[in-house]
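The values are calculated or read from the model by the stated rules, or taken from the named source; none is laboratory data. Because the structure is a prediction, the values reported are computed rather than measured. Neighbour counts run over all protein chains shown; Cβ positions are idealised from the backbone, glycine included. Keep in mind that these areas ignore ligands, DNA and RNA; they rest on the heavy atoms of the full protein, side chains included. Shrake-Rupley method; radii C 1.70, N 1.55, O 1.52, S 1.80 Å.
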Amino acid sequence: MEKINKLLATSRTTEVDAVSDRIITEYEKSDWSSDTHLTGIFDELKPASLKLTQAINRIKSESDLELKDEVRDNKVRAIHYLLQGFEHHPDEAI
């Protein structure tokens, strides 16, 4: 098993999530059912880690949507300015 460095209060959320996933994976490799204290800790850690993973994934998808919204808005704005240019052009034929 690899040594895991200490988590700092300034650790990124994704780092904390990765560490919790690794700890849970190592815990599940062995049978710890005889240790009630450790079992209780991991019974609380598993759902918390799952919620953290879901929150990170949700934020990532929202971030992806913001980028796509910006691209869409730029295209709509370009069409708007193009139409305004046609409307105010001094040559009636255009």
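Brief remarks on what is shown
- Cα lying deepest toward the dipole's positive end in the chain, options 56, 32, 93, charges on Cβ: 32
- Acute angle (nearest 10 degrees) that the helix 36-87 long axis makes with the longest principal axis of the chain, alpha-carbon atoms: 10 degrees
- Here the spin labels are modelled as points 7 Å beyond Cα on the Cα-Cβ line, and at residue 34 and residue 21 they lie 3.2 nm apart.
- Approximate spin-label separation residue 42-residue 88, in nm, with each point projected 7 Å along Cα-to-Cβ: 6.8 nm
- Candidate values (i) 26.1, 88; (ii) 22.6, 61; (iii) 15.6, 57, label of the one derived for Rg and Dmax of the Cα atoms in Å: (i)
- Taking the protein heavy atoms of the chain in the context of the full set of protein chains, the accessible area attributed to carbon and sulfur is 57 percent at 1.4 Å.
- Listed residue pairs exceeding 31 Å between alpha carbons, taken from 3/68; 3/60; 29/68: 3/68; 29/68
- Helix 13-28 vs. the chain, principal-axis angle (Cα, 0 to 90°, nearest 10): 40 degrees
- Solvent exposure of the chain, expressed per residue, is 88 Å² of accessible area, with all protein chains present and a 1.4 angstrom probe.
- Solvent accessible area, Å² - residue 14, 1.4 Å probe, full protein context: 80 Å²
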